[in-house]
Amino acid sequence: MSLPRMAARGWYRRVRCGSVCVIAVWVWLSIFSGTISAQDPESSGDQNTIRGTVVNAVTHLPVARALVHSSDDRYAMLSDGDGHFEFASSSGRQVWLLARKPGFLGDRNTGRATQASGGSEITIALTPESIIKGRVSTNTGETIPGIEVELLTRQVRDGYARWTAAGTVQTKSDGSFRFAELGSASYKITTHEFMDNDPVVNGTGAPNYGFPPVYFPAASEFSGGATIDLAAGQTFEANLTITDQQYYPVRIPVVIGDSNGEMNAGMAGMDIRVKLQGQSEPGYSLGYNAEMHRIEGQLPNGNYTVEAHAFGQDSTSGEVNLRVAGAPVEGRALVLEENSSVTLQVKEEFTEDARSFAANGGDAQHPYLVRGPQAYFYPRLEPADDFAPWGGGAVRPPGDSSNATIVIQNVFPGRYWLRLNTGRGYVASATMGGMDLLHQPFDVGAASNVPIQVTLRDDMARLDGTVASTTSQSAMGSASGSQYAWVYCVPVGDGPGRFQERAVPPEQKFSFPSLPPGTYRVMAFASRKQDLPYLDAEAMRAYDTKGQVIQLTGGQSASVQLQVIPDE
């Protein structure tokens with residue numbers, strides 16, 4: 001390996017070693033920067049230069065001393081004081097370039113790379129990080145180190161936005177905390193329950209005190225907490241005040257059905273969630289005493305719902321309401337009942353023979369061939385509520401070769417979306433009573449087993465099109481980090497339409513050869529929209545003036561021409 005290439009690779013490996021290493025390697029790299037690619041043994045043909053500038057995506061000002069490197073680490077250098085960089089590259093060779101710098105969201109966060117070749121000049125935009133920082137103090141003005149502060153963010157997953165955990169930090173000795181490298185999004189922050197276990201203050205027989213969770217700025221439950229909407233590069237200060245409260249002993253007997261029995265036999269563990277009544281988020285902690293067959297711990301005054309999910313050979317669930325009012329509590333028994341099953345009765349309305357769709361079932365001693373829906377149809381349940389534990393169960397193995405009934409077993413009580421994937425045709429409908437489960441979540445109760453009627457068809461439609469960029473490819477590349485547009489087919493209304501996406505080079509054709517019939521909004525964006533809330537009709541109204549709306553019937557072919565929607 002040539003010395004210049006060693007310099008480039010050495011820089012990339014050692015970039016995190018501190019300012020001294022950065023300066024030393026930068027000097028070394030600067031000496032040889034003029035010959036990095038010229039001495040590349042794999043290069044051939046005429047040499048051309050890739051030139052570019054690193055800019056702030058918000059202010060559009062140059063970013064100095066940003067590390068620019070190729071995705072294969074063959075090239076690496078720092079941008080100069082004006083954000084400029086350049087590499088020598090083989091004529092016609094395509095290179096994917098990335099950039100990073102502390103204080104910005106680099107390729108590790110965005111996954112974006114910019115395509116370049118010899119003779120081109122490009123722009124790489126770095127998005128400045130957002131920060132939430134603050135201090136946690138008690139109602140008496142004291143600060144306590146080690147209090148956990150959790151960050152929650154609103155993210156779109158499978159077309160629907162929900163709140164999810166985004167990280168936890170502990171307060172320092174002065175009560176301060178900091179969440180960095182955040183993108184533009186909506187956030188909430190909360191403290192975790194913190195017990196005051198000072199043996200000097202809490203002597204034997206003395207009352208126990210602790211600090212219940214607090215949601216910024218001063219709410220005891222998630223719904224009362226403020227939403228922090230961060231823009232790129234914004235720093236938000238969020239201070240919280242926690243108040244100590246007396247905690248009281250709590251005991252809740254646990255039984256399976258109507259009998260205590262050998263209830264721990266076959267039990268692999270138990271998940272216990274304690275929530276203020278009327279709230280969806282957990283916030284308090286209790287434990288399970290396997291020897292005494294009871295849930296126990298301490299809670300402050302309040303009304304609670306205690307949920308228990310036991311794992312093992314046969315999963316069970318139960319819940320009980322509990323009130324703590326200034327004294328120890330012996331709650332009524334929490335009864336663990338067998339979890340539910342969800343049955344899907346699948347009807348095929350295909351125009352073609354399905355005999356080729358088959359799968360192997362059974363085991364080595366008892367193999368058999370599975371045909372029909374169980375060979376290609378894959379249902380699953382996804383919790384619809386924020387903070388809900390995963391309890392979507394699992395599909396029961398097929399019992400014979402032609403059964404059109406599919407069972408999802410061991411489902412915790414809760415509210416779920418029905419997610420359906422099929423290797424053949426499309427899901428024309430999925431109903432339970434009068435509910436359309438393609439567009440509505442449904443509730444699964446204890447020991448319920450309500451059948452869901454599913455109809456499959458194969459009269460697919462086809463959509464072809466062309467993306468016509470309104471800007472130059474280089475300009476689009478600088479805005480999006482890629483010279484590709486992203487085309488989206490978003491179902492409109494209550495039909496069986498299926499969300500689709502495709503990466504397409506500008507001025508190139510694209511095709512969706514197998515779309516379920518229905519109405520679609522078709523859009524082309526300059527960058528990928530991983531947070532597109534395509535299942536939320538209210539949120540999608542923001543796109544009412546974007547793209548084209550097209551209606552497809554079974555067996556139809558249609559075409560569209562799209563203009564690229566630039567990044568805002």
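The values are calculated or read from the model by the stated rules, or taken from the named source; none is laboratory data. Being a predicted model, the structure only gives us computed values, none of them experimental. When we count neighbours, we look across all protein chains shown, and the Cβ atoms used for this are built from the backbone with ideal geometry, even at glycine.
Tabulated values for the structure
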item	result
Test: residue in region 519-529 that is surrounded by fewer than 16 Cβ atoms within 10 Å (Cβ to Cβ), free of Cβ contacts under 8 Å to residues at least 60 places away in the same chain and farther than 19 Å from residue 502 by Cβ	no
Among the residues listed as 512, 499, the single one being modelled with pLDDT of 85 or more, farther than 26 Å from residue 431 by Cα and touching a Gly at 6+ places or on another chain (Cβ under 9 Å)	512
Residue 308 being assigned to a loop (DSSP other than H, G, I, E, B), hydrophobic (A, V, I, L, M, F, W, C), farther than 29 Å from residue 428 by Cα and modelled with pLDDT of 90 or more	no
Among (1) surrounded by 14 or more Cβ atoms within 10 Å (Cβ to Cβ); (2) in a strand (DSSP E or B), the one test that residue 421 misses	(1)
Residue check, residue 140 within 30 Å of residue 439 (Cα to Cα) and surrounded by fewer than 14 Cβ atoms within 10 Å (Cβ to Cβ)	no
Residue 406, sole failed condition from (1) among the β-branched types (Val, Ile, Thr); (2) surrounded by fewer than 20 Cβ atoms within 10 Å (Cβ to Cβ); (3) in a strand (DSSP E or B)	(2)
Which listed residue is modelled with pLDDT of 90 or more and assigned to a loop (DSSP other than H, G, I, E, B), from 545, 470	545
From the options 172, 188, residue that is among the basic types (Lys, Arg) and free of Cβ contacts under 8 Å to residues at least 40 places away in the same chain	172
